[in-house]
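Q: Below you will find the structure I want to go over with you.
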Amino acid sequence: MTRLDAGSPRVAASLSLTDDPVPADKVRAGAPRTGWLALDETEARTIGVWEHTPGVSTDVEDDEVFVVVAGAGTLEFTDPPLPAVELLPGTIVRLTAGMRTVWTVRETLRKVSIAP
């Protein structure tokens, strides 16, 4: 398990993440890449930082709450159909398992997420 040291701050926007290309079957435009860094993991939940470079990709989501810390984009919900959300620093979003989404990223997007 990964653990954050108590009282030890991290600056989410400047953490180093290793990124990989989004699988071709999930890419709608561009050549987006995503990266992930687990910051703190317990049996009950995971806290981490995720990044998506410019481009458009689709996903099937897990349960998660996140806050955008950098970048800009739009999150569309295709199933269930819900209004799109503009993603800017400070935006907080709740996702539930099985949601089908489209991520349109205009500026590299970075978020801190908490998931069970």
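Q: Please pick out the residue among Thr34, Thr91, Thr53 that is under 13 Å from Lys111 (Cα atoms), free of Cβ contacts under 8 Å to residues at least 60 places away in the same chain and in contact with a His (Cβ under 7 Å, 6 or more places away or on another chain).
A: Within the list Thr34, Thr91, Thr53, the selection yields Thr34.
Q: If you don't mind, another one. Of all residues in segment 59-73, which are β-branched (Val, Ile, Thr) and crowded, with 16+ Cβ neighbours inside 10 Å?
A: Val68, Val69
Every residue, every condition in (1) under 30 Å from Ser8 (Cα atoms); (2) under 13 Å from the mean Cα position of the chain (by Cα); (3) not basic (Lys, Arg), yes or no:
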site: Asp19; (1), (2), (3): yes, yes, yes
site: Ala31; (1), (2), (3): no, no, yes
site: Trp50; (1), (2), (3): yes, yes, yes
site: Asp79; (1), (2), (3): no, no, yes
site: Arg110; (1), (2), (3): yes, yes, no
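Q: Can you tell me how many residues within segment 38-50 are farther than 24 Å from Val102 by Cβ and either of a type outside the set (Val, Ile, Thr) or surrounded by fewer than 14 Cβ atoms within 10 Å (Cβ to Cβ) (or both)?
A: Selection size over segment 38-50: 8.
Q: So, in segment 75-115, exactly how many residues are β-branched (Val, Ile, Thr), loosely packed, with under 14 Cβ neighbours inside 10 Å and part of a strand (DSSP E or B)?
A: Residues meeting the conditions: 2.
Q: May I pose another question? Could you please find all residues in segment 1-26 being surrounded by 13 or more Cβ atoms within 10 Å (Cβ to Cβ) and among the basic types (Lys, Arg)?
A: Across segment 1-26, the qualifying residues are Arg10, Lys26.
Throughout, read-outs are computed from the coordinates displayed, never taken from laboratory work. Only a predicted model underlies this, so the values are computations on that prediction, with no experimental measurement involved. FYI the Cβ positions are ideal-geometry reconstructions off the backbone, even for glycines, and counts take in every protein chain you see.
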